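Following: one structure in structure tokens, then a few remarks.
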Amino acid sequence: MKLQALMSNSGGAWKVFVPLLGSVADWPEHRWPAGGPIPTPAARLEVLADLGYEPLPGAAWRWEECPAASAEPDDPSAPVDLIAAVELRERGGEVAA
């Protein structure tokens with residue numbers, strides 16, 4: 001199974017989480033205080049380490065924008081949600097199978 005961390009902003013607070021098989025309640029996650037800026041790469045690395053993960057060597061965060069849930073389809077002036085992802089391994093160099 002390929003591991004990745006996902007980061008999004010919901011309700012004004014940035015959140016990073018690692019989707020795992022099983023219950024959503026078991027997913028490792030961290031929320032930054034609401035209203036803050038996009039977490040820096042260093043802040044993201046620190047949180048991933050605290051959760052027990054690290055990016056794969058050479059992996060970079062990939063950003064996508066998606067229409068916000070409240071947005072009208074095909075409205076170019078509608079707000080968007082930003083979602084970021086990076087491929088991971090457990091800390092210590094073990095790549096998840």
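A short reminder: the numbers here are calculations on the coordinates, not readings from a lab. Quick caveat: nothing in here was measured; it's all calculated off a predicted structure. With ideal geometry, Cβ positions are generated from the backbone for all residues, glycine too; neighbour counts draw on all protein chains shown.
Structure data summary
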| read-out | value |
| --- | --- |
| Selection from Pro73, Pro57, Thr40, by position along the positive dipole direction of the range 35-81 (Cβ) | Pro57 |
| Nearest 10 degrees, 0 to 90: helix 41-51 Cα axis against the chain principal axis | 60 degrees |
| Simple Cβ-charge dipole of the range 4-90, Lys/Arg +1 and Asp/Glu -1, about Cα centre, in debye nearest 20 | 260 debye |
| Alpha carbon centroid spacing (whole Å) that separates the range 1-51 from the range 61-89 | 16 Å |
| Burial ordering of Leu21, Leu48, fewest other beta-carbon atoms within 10 Å first | Leu21, Leu48 |
